[in-house]
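Structure, as structure tokens:
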Amino acid sequence: MSTFEVRELDSSMEKDWRRFASQLGDRLASGERTADWSLSPAFLPEGADKLEMRMRTTTRRTLVCVSSGLSNPPSPWRQSGVSDIHVLEEPVLCADRFASTVVTQLRRTWNIPHPSFLAGSQDRSTVGGVFGVELIGDAGKVFEPMTSSIHAEEEALARAVRRASQALPWPEMRLAADGSFTVPLGKVTAHVYVAALDEVRVAAPIVERIGGRTRAAEVVADLNRRHPRLKFLLTDDRVHLTSSIDARPFVPQHLLDAVSRLADFVTRVDDDFAADLGGWLPTSAIATGSGDALDDATEDEVPKQLMTLLELDAELGGTIDAEDVVSVCGRDQMKIARYERFCVEQSQSWKECAREARLRGEAAAASECAEEAVPWDRVIEALRSALRTVGFYDNA
């Protein structure tokens, strides 16, 4: 190939990359809030690590790109809490600069020679039809249980868990705003939540109020030997069944499989099983069919007992503790856990309002919203303290 032909090819590739970056910027700038897209190489050697750049717009009117496979990229990229995962964030108004920064890493670190070597996973929308490269959007796409994704924030991972949970075959599951949810499985209720950036966990309390720990420890050890893909834990006077899913990357099918494995065992748990461990089946409002709404409260209302705790916190000047929680709620761990999740949602909501007010330059409104979150945070700590000590009260 002549020098002239090489220069022509280089010039053509540069023009194509500039065109791609321009249309990528236009697409991101005009995207719906909280929309989610991804880019990845169209071809990877067998056994190679997954490479993905996942982009979204936030409620703060910024663009965020979470990328794997970048080796110490320069500023404005920053290291996330997970090794080999880096994050780029820019205001939506700087979409062109954001797109240019992304394209630079596509070329330099991923060594993508041309935009035509990029692909999305399954969405049909394209970046202006350029080179047939697809950007993945969450809205309206078909659920693909084997599609993996990498996340740099627990909030983003929780959203992915929430989407995957919609494919579970249990219509009575209850979803929470933080991405966690509960699933009624016979006489037991399972909980699914993000344990860490690289772990999603399914857990279910299966026996409580155990009288003899020595006998229970022997049974638990035998269960762990006979069911190596499940984990049985003896904590205080309770036995919990757990299953962890690797979330780096997160694959929805792995979560579905974990819940199914746990369900296969849990649905066979009965009074005889609990008696063999020297305890009782856990009491659960959901498992007995009374639903997740307590004290006749609707989904948007504060349950009566929780309102009592908030009023008590105000009367005590913010010194509410675990004993106060037990005096109001009794010793029902399931109820206390649901109240804790409810309070977390309320606190997060007020804090998000405060952040948005600060971004708008409304200092007074931001301060008011932040103050509204304070009593919720105090009650959260009291509820969590009660959850840690309620076993002591049960044995007293």
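Annotations for the structure displayed:
- Residues (more than 21 Å from the chain's Cα centre (by Cα) and in a strand (DSSP E or B)) located in segment 206-247: ILE206, VAL207, GLU208, LYS231, PHE232, LEU233, LEU234, THR235, ARG238, VAL239, HIS240
- In segment 231-254, the qualifying residues are those that are open to solvent by less than 60 Å² (accessible area, probe 1.4 Å) and of a type in the set (Gly, Ala, Ser), and the one that is nearest to VAL161 (Cα to Cα) is ALA247.
- Applying the condition of being touching a strand residue (DSSP E or B) at 6+ places or on another chain (Cβ under 6 Å), at pLDDT 85 or above and not in a helix (DSSP H, G or I) to segment 83-111 and asking which residue is farthest from THR59 (Cα to Cα) yields HIS86.
- Test: residue in segment 313-329 that is on the phi > 0 side of the Ramachandran plot and either touching a Pro at 6+ places or on another chain (Cβ under 7 Å) or modelled with pLDDT of 80 or more (or both): yes
- The number of residues in segment 47-82 being buried (at least 16 other Cβ atoms within 10 Å of the Cβ), aliphatic (A, V, I, L, M) and part of a loop (DSSP other than H, G, I, E, B) comes to 3.
- Here MET13 meets each of (1) among the aliphatic types (A, V, I, L, M); (2) more than 29 Å from LEU197 (Cβ to Cβ); (3) modelled with pLDDT under 75 with one exception, condition (3).
- Failed criterion for ALA373 (all others in (1) among the small types (Gly, Ala, Ser); (2) open to solvent by less than 20 Å² (accessible area, probe 1.4 Å); (3) under 29 Å from ALA204 (Cβ atoms) hold): (3)
- Residues being within 20 Å of GLU345 (Cβ to Cβ) and either modelled with pLDDT of 85 or more or assigned to a loop (DSSP other than H, G, I, E, B) (or both) - total across segment 178-192: 4
- Checking ASP257 against (1) closer than 19 Å to TYR193 by Cβ; (2) modelled with pLDDT under 90; (3) buried (at least 19 other Cβ atoms within 10 Å of the Cβ); (4) not hydroxyl-bearing (Ser, Thr, Tyr), the condition it does not meet: (3)
The values are calculated or read from the model by the stated rules, or taken from the named source; none is laboratory data. None of these values were measured; they are calculated from a predicted model. Note that each Cβ is placed from the backbone with ideal geometry, even for glycine, and that neighbours are counted across all protein chains shown. For accessibility, only protein heavy atoms count, side chains too; no ligands or nucleic acids. Shrake-Rupley method; radii C 1.70, N 1.55, O 1.52, S 1.80 Å.
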